[in-house]
Amino acid sequence: MVSRRKVIQRVLEGAVFVGGGGLIWGKSIKANSKADYVLRPPGALKEKDFLKACIKCGQCVEACPYDTLKLAEPGDGIANGTPFFEPRTIPCYLCTDMPCTDSCPSGALDLKNLTKEEEKPDVMNSKMGLAVIHKESCLAYWGIRCEACYRTCPLIDKAITLDYEVNERTGKHAKLLPVVHSGVCTGCGMCEQACVAGKAAIFVLPLHKATGKVGDHYIKSWEKEDEKRIHDQVEKEDDEKDVKSAIDYLNDDDLIDD
Amino acid sequence: MKKYKFLILRRIIQLSFLFLFAGGNYFGWEVLRGNYSSAIIADYLHLSDPYAVLQILVSGFIASSSVLLGALLIFLIYTLIGGRMFCSWICPMNIITDIAFRLRKIFKIETEAKVSVSRNLRYYILALSLIVSAIFGMAAFEIISPISMLHRAVVFGSGAGWGIVAVIFFVDLFVLKAGWCGHICPLGGFYSLIGKQAVIKVKHDKEKCTHCMDCFDVCVEEPVLDIVGKESDFIRSGACTNCGRCIEVCNDNAMKYSLKFDFKK
């Protein structure tokens, strides 16, 4: 027969083991997976789901013919064993057969994420990130001809276009300014690698870091589709609120002093 | 040589797996690609570690059907046939911890842990890993698995991988006998649990036994030999890795691989 004291001691030990151990374990894997700026291979799920799904087998890394993809190690600050790439070193060259996405056994990289509607998967549908330009360090914005990013972009004139602007300083030259279009940019990072600046003036950030979101209460009145949302919105609100009381509230007895 | 036949065969198989994995990365061989968590044979047959897939499932993601089927296949193989054979015949960490175990014998390193560590610790770690996976939404053991890191050290040249291997080696050598494989590794715990009723087991013959204790000397899971010299039976504990060391060192032919078809506890 085990004494009561022993049982209580055992239960407490168990609680400390599960509570303390679990917390340290969980917190440490979370802390090492906080890399908000990590870029994943084409067709990756959203970061949170990707971290669940990736089985860390490295088959995407093996499949990558350009050695773009690397596996994170302890100390990288990225979830250990997950694939990532750094475009300034080696960008993603957007292989048309998508060997990395295709090789993923677990579904962390999914060809479905590269497929629009009924079409075949296309690597150009990748959304690995979004290229962002820091104008102050971009030679083109200084007024110097460069176009390195524009010329190297695999979706030239779609993902990066050139805007023309008069160079006010000289009064007689044009500035050819690169502009990134977020709907098209794949985040491959070839521009980042090509940038001639010492530290790239155009660089890829993960989508959730490089994009904003206007609230639902703003509606583009000049777009038919968007205008529809007004009607949906109004109808929904009518359902939720007691319209009668809102209109009649001034007539309520409570508000009238006796 | 006869005393090492299974050991040599195991090393050949373990190193072949590593060699083929490495060839897959460096030379693009398609015989065996991936790692010990998920691999593909001949670009056709998926194999997955059922424990890794279980962690993914409890973290809240339904893995693809190829991974699920691959895990089911491996699960059935070890549950029905092999028992805990992964640990001693496939896992590369076994090479490291066996060397530490052997060196302890050679240099007579006897350490008594300040706190006694139960061999059941691995089952608690196994349970905890599933809880942590569920709460933190990430396969908890996979992210820190030294087995995967050893694989990456060899196949991808990861320096950090060698670091963690060294830590385990020295813990096994100087701190706790059979520390990693016998006490901590939750994957070993997982295979111990599912492999208990597998068909391949070591069988002991009491009549032939001369109580020389040679088998106890080489066994990394010593408690599984509790019946040796006392009764003739299978080594029934799931913790037995079927490594065959006891068979090859026994001078009395009292141990042999055998097939078990009953379901006694």
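Throughout, read-outs are computed from the coordinates displayed, never taken from laboratory work. Computed from a predicted structure; not experimentally measured. All Cβ positions, even for glycine, are placed from backbone atoms using ideal geometry, and neighbour counts span all protein chains on display.
Remarks
- Karplus-derived 3J(HN,Hα) values for the range B:87-93, using 6.51 cos²θ - 1.76 cosθ + 1.60 with θ = phi - 60°, are 4, 9, 10, 10, 4, x, 5 Hz; glycine and proline are entered as x.
- Violating pairs (Cα-Cα greater than 30 angstrom) within the set A:Lys56/A:Lys135; B:Lys5/B:Lys208; A:Lys120/A:Lys158; A:Lys56/A:Lys209; B:Lys5/B:Lys105; B:Lys108/B:Lys196: A:Lys56/A:Lys135; B:Lys108/B:Lys196
- Distance from the C-alpha centroid of the range A:112-128 to that of the range A:60-108: 18 Å, rounded to the whole angstrom.
- Here the peptides B:135-141, A:35-41 are ranked by packing, the mean other Cβ count within 10 Å, and the order with the highest first is B:135-141, A:35-41.
- P(r) tail fraction, the range A:32-126 - alpha-carbon pairs more than 17 Å apart, %: 46
- Phi-derived couplings, Karplus 6.51 cos²θ - 1.76 cosθ + 1.60 at θ = phi - 60°, listed residue by residue for the range B:148-155: 5, 5, 5, 4, 5, 4, 7, 7 Hz, with x used for Gly and Pro.
- Qualifying aspartates and glutamates (Cα of each under 13 Å from Cα of B:Lys3; at least 8 residues distant if same chain): B:Asp214, B:Glu248, B:Asp252
- Per-selection Kirkwood Rh - the protein assembly as shown (Cα, Å, 1 d.p.): 27.2
- For chain B, the cysteines with no partner cysteine C-beta closer than 4.7 Å are B:Cys87, B:Cys91, B:Cys181, B:Cys185, B:Cys209, B:Cys212, B:Cys219, B:Cys240, B:Cys243, B:Cys250.
- Vicinal HN-Hα couplings computed from phi for the range A:119-132 (Karplus, 6.51 cos²θ - 1.76 cosθ + 1.60; Hz; Gly/Pro x): 6, 6, x, 9, 4, 6, 8, 4, 10, 6, x, 9, 6, 10
- For the pair A:Val179 and A:Lys199, label points projected 7 Å from Cα toward Cβ lie 2.8 nm apart.
- Nearby lysines by direct alpha-carbon distance to A:Lys244 (threshold 19 angstrom, same-chain neighbours under 8 apart not counted): A:Lys236
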